[in-house]
Amino acid sequence: MENTDQLMRNRAKAIRLIGIANELLAMARELEIGESPSAILESLAITGEAREPKGTASQDHPIWVELARQTYDDRRRRTKIFRSEELFGEPAWDILLDLFIAAKERRRVSVTSACIGSAVPSTTALRWIAILEKQGHLVREADPGDARRVYVKLSARGYAAMLEYFASASRSVVLIDDTARDSVAAR
């Protein structure tokens, strides 16, 4: 029983530390892109383009990047288990997931890597990158050290949309996690 209590306390501490680290990363990201995701969500809500889930705000939560990784891995697993690349395909979503994970890990993604991560032919991936760029969900950046390389990353709008998606998709998981953390903290 005592080991279980200690395990729960350690887990709560780890979750809190992960949350703090993600908040720091989110603040750094806000400084880097020049506008906070919450400001983007507020402006989108004013124009009616997006609705922010109640009770989640646009604050970051450590579980969102884990859900993004799991979602991306699950998509690869389906293809492997069913032994068919033709059955499952959503390259835009794969690109967005890859770029969201990369943003959370503070890593740059080249156009070539984004194409590979989309699990479709390069021409198809490039077409989806262009569509996502045109819709304002990602931006391209030239590599200052190598004129042949171009990076892609989520725009402020794309990042905010991914935050909104995972906030609403993980609402029950986050609430359960927060409830568990609160009950452990109360002991």
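Readers should treat all values here as calculations from the given coordinates under stated rules, not as data from a laboratory. Note that the structure is a prediction, hence the values are computed from the model and not measured. Cβ placement follows ideal geometry from the backbone for every residue including glycine, while neighbour counts extend to all protein chains displayed.
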Checking rank on 105-111, 93-99, with mean other Cβ inside 10 Å and highest first, the result is 93-99, 105-111
Residue order, fewest to most surrounding Cβ atoms within 10 angstrom, among Y165, Y159, Y151
Y151, Y165, Y159
Within region 143-170, list the residues whose amide N lies under 17 Å from a label point set 7 Å along Cα→Cβ of R75.
152-155, 158-167, 169-170
